[in-house]
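The values are calculated or read from the model by the stated rules, or taken from the named source; none is laboratory data. No experiment lies behind these values; they were computed from the predicted model shown. In this analysis, Cβ positions are derived from the backbone assuming ideal geometry, glycine residues included, and neighbour counts consider all displayed protein chains.
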Amino acid sequence: MVMASPTQKLPLPYLCAAVLLTAGVTACGGGEKASGEGSQGAFISLDDNTLNGSEGANDPSKVSAEEAALTQGEAKAAEASARAAADGPRALDTWMRGLPEERTHLAAFSPRSVDALKGFHQIWDRGSARYASQLKQELEGDSFSPQALGSEFASYAEAYATGGRPALDQALARGTVGGMAWLAWTEAAVRLDFDQDAFESAGRGLARLVDHFLSAGFDRLRIAALAEDVALVGRNAREFLPHREYQVQSGDSYDRICRSFRKQGLHCYIGWLADFNHKRNYNLRAEETLLVPESKLKLKAWRGARLAVLEADGVPIRLYEVSMGRDGEPTPLGDFTIETCLKDPVWYRPNGPAVPAGNPENPLGKRWLGFAEDTQYGFHGTNSEDTIGSYESGGCIRMHNADVIELFELIGPGVPVTMYP
């Protein structure tokens, strides 16, 4: 039998035992009290924490009420603990999905989660060494701030703190691909790559981010915010993409050089060749050496996200916002090939006179990149810049005029296109 002083509160296991003993006596004794030594001890009073013989000591309703109150208290405590455990992952999810300028809007979350994210954000502010040092100090103490954002996030943080980038890569390889903590540290790894001018690794990381941001339902503008980083990779593609050298001959031009290499099966286009060689214009000098890219170009576009990516050997080198077909005239999905490339295209109305380039009623804008498989569709500019990002075309992929002019120079006939939902 468990005995207690008048001021001692009984632990829950003893309370449960009291209820069980009460139930057992009732069942075996037909509702009568048990007789004999210790029979009164089977009933433990919960009233004012007194023992046997106190008023109401044998009232099962008081036992049940007190037990229910304790159970409810434990449930509330468990709920509060669960909320605290979920707060960090929710804060991380909000932070990852927000635009860069929105990443400080986390007032709804706990100070621990916000502080952990502020520390993590140092990687974006060229403070990676400072953050790593902070993490090492925390590991030597009693509190590790990344734990506030979840155990998986903390495992990546610990790998980075103890083993640097190689250990982080190993941890990401073993992690939950596409999970929010995995995405956060994959994006952090891209920032670390840029700090070291590791453009190939940054490009591969950006390719993973685009694919998984799309799969995770990230807002299109959040994905479009990667465009500057993607373009930086593209401008430094010569550092890692395969290429061959060509010595410029007297009388050469970009067009002549590109046509010659396209006959050899290469995706060699004027703007891509100039970009690959860090040239801001199309001037050439006799006997200078050009690096001719040997990589395969491919265009990808997502109808739902209204985004397009130009890849070179699977590495994104440009990312654009686009518009897609309106209701009733959806942009077709599947595989296509760029064929017809026109500057200042004329728009031929379905039932009316042709509309020349430059006319405000011409919706094709500055350039046209038409599909071989279905000539009525393609990428083109616009006469309504503010509609880019919407569903307002007749099925084509509309682009800002500045973007389509750039794309027109980077690609040409023969470049494959895949349109995704």
Revision key, fill the gap. Okay, helices (runs of 4 or more DSSP H) sitting entirely in the range 187-242 with 2 or more residues that are among the small types (G, A, S) and more than 18 Å from the chain's Cα centre (by Cα), I get 227-235
Review point. How do the pairs read when you match residues in the range 266-290 that are closer than 16 Å to L241 by Cα with residues anywhere that are assigned to a loop (DSSP other than H, G, I, E, B) and of a type in the set (S, T, Y), using Cβ under 8 Å and keeping only pairs 6 or more apart or on different chains?
Key: H267/S295; A274/Y282
Review point. Are any residues in the range 125-154 under 21 Å from the mean Cα position of the chain (by Cα) and surrounded by fewer than 16 Cβ atoms within 10 Å (Cβ to Cβ), and if so, which ones?
Key: D125, R126, S151
Practice item. Among the residues of the range 215-238, count how many are touching a Phe, Trp or Tyr at 6+ places or on another chain (Cβ under 6 Å) and under 20 Å from R303 (Cβ atoms). Key: 1
Check your understanding: Is the range 290-300 home to any residue that is crowded, with 20+ Cβ neighbours inside 10 Å, basic (K, R) and in contact with an Asp or Glu (Cβ under 7 Å, 6 or more places away or on another chain)?
Key -> no
Practice item. Determine whether F408 is of a type outside the set (K, R), within 14 Å of L299 (Cα to Cα) and in a helix (DSSP H, G or I). Key: yes
Exercise for review: Tell me which of these C258 doesn't satisfy, since it passes every other one: (1) surrounded by 14 or more Cβ atoms within 10 Å (Cβ to Cβ); (2) over 22 Å from E406 (Cβ atoms).
Suggested key: (2)
Revision key, fill the gap. In the range 113-135, anything in contact (Cβ under 8 Å) with a residue 60 or more places away in the chain and part of a helix (DSSP H, G or I) is listed as F120, I123, W124, S128
Practice item. Identify the single condition in (1) buried (at least 18 other Cβ atoms within 10 Å of the Cβ); (2) closer than 30 Å to A225 by Cβ that P332 does not satisfy, given that it satisfies every other one. Key: (1)
**Study point:** Test: residue in the range 97-110 that is aliphatic (A, V, I, L, M) and at pLDDT 95 or above
**Key:** no
Review point. Of all the residues that make up the range 136-155, how many are assigned to a helix (DSSP H, G or I) and under 14 Å from G119 (Cα atoms)?
Key: 10
Review point. Does the range 403-415 contain at least one residue that is charged (D, E, K, R), over 23 Å from L333 (Cβ atoms) and touching a His at 6+ places or on another chain (Cβ under 7 Å)?
Key: no
Revision key, fill the gap. Apart from one, (1) touching a Phe, Trp or Tyr at 6+ places or on another chain (Cβ under 8 Å); (2) in a strand (DSSP E or B) all hold for D403; the odd one out is (2)
Practice item. Name the single residue, out of those in the range 388-400 being surrounded by 16 or more Cβ atoms within 10 Å (Cβ to Cβ) and part of a loop (DSSP other than H, G, I, E, B), that is nearest to the chain's Cα centre (by Cα). Key: G389
Exercise for review: Give the number of residues within the range 175-184 that are under 12 Å from S155 (Cβ atoms) and in contact with a Ser or Thr (Cβ under 9 Å, 6 or more places away or on another chain).
Suggested key: 3
